[in-house]
Structures are given as structure tokens and as C-alpha cells.
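Coordinate-derived values only; no laboratory data. Just so it is clear, the model here is predicted, and its values are computed rather than measured. Cβ sites come from the backbone with ideal geometry, for glycine too, and all protein chains shown count toward neighbours.
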């Protein structure tokens, strides 16, 4: 049985932020947005995040998520997580309940070798996402905060809307994607998009506050 772990959460760990510029026409029907959000989809700056949480309110877990860019929602331009997998059921249940984030459970492999990391995500023995990341060695690390890449979130789940503005900081370094393979039945096809920026973030501290919530009848 999964125990409730209410917000706020303070998390630590390491991971990657891969920033893209998404074109609305190309991605609208391929990014796992619910149908009632597709007409308000604006595209623009979005990202993939790969995170190895070392500590959280529900213990360590790993995460793969996709933000397809902005949506126009209730008069605001906001971001939404349209696809997300995590490695523990505790994170699935509490992520949905606390912030309306549509987390799904999957198994992760995360192997490090000097400046390279290989990350895989699978369900029922089927590997649907695999990526090899490489840190660019000759560029120096730098401090980074979410103020540089803000992603104010809106999520809708079970006739309810959740607004969350997470914040954090860590040590960043530039990285590159050496290889990526995606099964598009499970995750958006980032393998045919060129990233604007790839940042490896180490020793981050991240806070997910309690979401602001409201009922929402527009959910289909």
C-alpha cells in the first residue's frame, strides 16, 4: 500500500535538461496531449528531463518526463507535462495526488562511465526509450537555477486543475546526446528533433510546493 506524502517535497539528485524548440504543427498530435488541450497548444520552448532523485519524500527514484512547450490555459501561457515515467509506485500515486502530474510506472537502467551515461526505460521487458549522454569536458561547470529556465506548470486530472511553480538550483555543465532511440507509441519522438541546449545538472536541490488547485469542468 502506498502511503500519502503530501507537498511540499524537497528533492536532491542529478540529471539532464534537454531543451528544444517545438513547432506546433509538427508536434501537436504526437506529444500525448489530451484532446481538449490540443487546440490551446502553442509550441515553443519545451524540454525532456531525465532525473535520478537521490532523496525525496518517498525515497530515491528515477524519472523521464516531456514538456511539449506552452499551452494557453485560462488566459495564461503555461507549461504542462504531457508524458512522464517514474521508477516507483510511491512517486506515481503521490505525484498524481499532489500536483496532478500523470505519472506512469516504468523500469529504469542508468549506467555511468567517466563522462558518459546510458539511460534506458522499459515496461514489461520492452525498452521504449534509450539515450546516451556525454558531458562536454573542456567547458567549466556553472551554477544554475530554475530562474534561468522556468517552467510554471498547469496539470489537469480527475476534474481538477493544479498550478505548480517548482524551483531549485544546482551545478550545471554542458552535455550532448550521442544517441537516442524512442518508441513513439510510448514517448514523443525526440529522435528527429535537434536540441537547443543540453545541460547536465549535478547536486541539485529542488522544491515542489503545494499546488494551487481548482475544480475544472473542461476536462473530457
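Some notes on this structure:
- When the chain is treated as a GNM with alpha-carbon contacts under 10 Å, the residue of 173, 112, 40 showing the greatest mean-square fluctuation is 112.
- Highest-fluctuation residue, 156, 80, 116 considered, GNM on the chain with Cα pairs under 10 Å: 116
- Part-to-part distance (alpha-carbon centres) for the range 92-135 and the range 13-65, which is given in Å: 12 Å
- For the chain, share of DSSP beta bridges that run antiparallel, in % to the nearest 5: 95 percent
- Springs join every pair of Cα atoms under 10 Å in this Gaussian network model of the chain, and among 105, 126, 167 the largest mean-square fluctuation is at 126.
- This ranking places 84, 171 by how few other beta-carbon atoms lie within 10 Å of each, fewest first, which gives 171, 84.
- Debye-formula intensities of the range 149-215, expressed as log10 I(q)/I(0) at q = 0.15, 0.17 Å⁻¹, are -0.80, -0.93 (one equal scatterer per alpha-carbon, no solvent).
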